[in-house]
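Notes follow once the structure below has been shown.
What follows is calculated from the coordinates using simple rules that are stated; it is not laboratory data. Everything quoted here is computed from the prediction, not taken from an experiment. Every residue, glycine among them, receives a Cβ derived from its backbone with ideal geometry; neighbour counts consider all protein chains shown.
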């Protein structure tokens, strides 16, 4: 299983919620900006159209016979328009004639509407918006009779206040959007925590499961996604429990069936040792020792399948190199022994050899070559460290926390009991067992045992 690290579920939900709220806030702000802008521009346009209608109706064409000579002599319709506007009169060719403010009379070109806009207004009333001298201007134009020809009257209003109002509105909406986004992070986290609480509780319950505690997870929530997930986990628990029970039953029956022939074999070997000549006694004693180890292994298997610990312990004063490492190295031709004599331990020689043998057998199986396996020893004042090194492919990082669990099978196969037995033997002797592994660079097991002080040695 690949270990993945990243942002937690709660924060992911909170971040996604904040992004969604921020997106909606931006859309809402844009919509409000567009609506307000359309409303302001529309109100101004309607007001100018009403003004130009009144101005056109109030204009007396009888007084404009000599308008080209006396432009605007009778043009005084300001009272027909609302305040804050400028009224201008244009000829049918788009030429400026007169305006309602003095500044326009002195510099008419500074306020003149484009001629094409004026000419297009000779046919019908229309609105126009644009810029004059860099200032936003909105106008309404209407045709009016000027004696024998038509002219155009225009009502203008500066629209810069609209831009100022919209700018202020945009700043307020931006601040509101930012505030909503920041607030949504906290609210989103609280909502996410409430939404993820059933998942967290389910994960905590699942974390309590192990081969010795494969009970269904108690989930009392609704039949939603989390409820279906708990159902899937419970189905998996049932299948795992069935598989482990079948495995334990098989090992128990197999171990029980092996005990009888092993007991008979030990009896035959004991009798053969007593009757054999001295030239054959050494080989028979080796076979006798191996049969005792096999018998003890079968007993250990029975104990482990019944949930019991390896507790049998017959202490002796041992030299780790001579009494533990060297016999195991001789059982695996090709395995190197790199240790100098040093240190003494108090322990069961058969058990400690069984521990090292299990580690060595795994190393040989992993490398496929005994020459890549080394047994070592480090002696200190207070402890002795037994080392089993190999130059194999290494152990995957996600498997390391579980390799000492019962029935946990690594890539090398096996029943998943060798390392569990090794750990229990180390625990019985008051020691520890640790593993360090690097992919492609090998694995090292360290078994640390309490050392026997010289005073104890002399007393013994």
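P(r) for segment 316-459, from all Cα pairs and a bin width of 5 Å, is 2, 10, 21, 24, 20, 13, 7, 2, 1, 0 %, short bins first.
When 249, 254 are sorted by how many other C-beta atoms sit within 10 angstrom of their C-beta, beginning with the fewest, the order is 249, 254. Extension gain for residue 278-residue 9 works out to 89.5 nm (0.36 nm per residue, less the C-alpha to C-alpha distance). Multiplying the residue separation of residue 187 and residue 220 by 0.36 nm and subtracting their alpha-carbon distance yields 9.2 nm. For residue 289 and residue 253, what does the FRET efficiency come to when R0 = 25 Å and r is the distance between their Cβ atoms, rounded to the nearest 0.05? Plugging the Cβ-Cβ distance into 1/(1 + (r/R0)^6) gives 0.40. For segment 352-404 and segment 234-302, what is the centre-to-centre distance using only Cα atoms, to the nearest Å? About 23 Å separates the Cα centre of segment 352-404 from the one of segment 234-302. Note on residue 397 and residue 265: their simple-model spin labels are 4.3 nm apart, each label 7 Å out from Cα toward Cβ. Ordering 435, 298 from the fewest to the most neighbouring beta carbons within 10 Å gives 435, 298. P(r) tail, segment 225-305: Cα-Cα pairs separated by more than 17 Å, 62% of all pairs. Here the simple spin-label model places points 7 Å from the Cα toward Cβ, and for residue 314 and residue 436 these points are separated by 3.6 nm.
Note on residue 92 and residue 135: with the Förster distance fixed at 22 Å, the Cβ-Cβ geometry gives a FRET efficiency of about 0.25. Once the chain from residue 236 to residue 208 is taken as fully extended at 0.36 nm per residue, the excess over their C-alpha distance is 8.6 nm.
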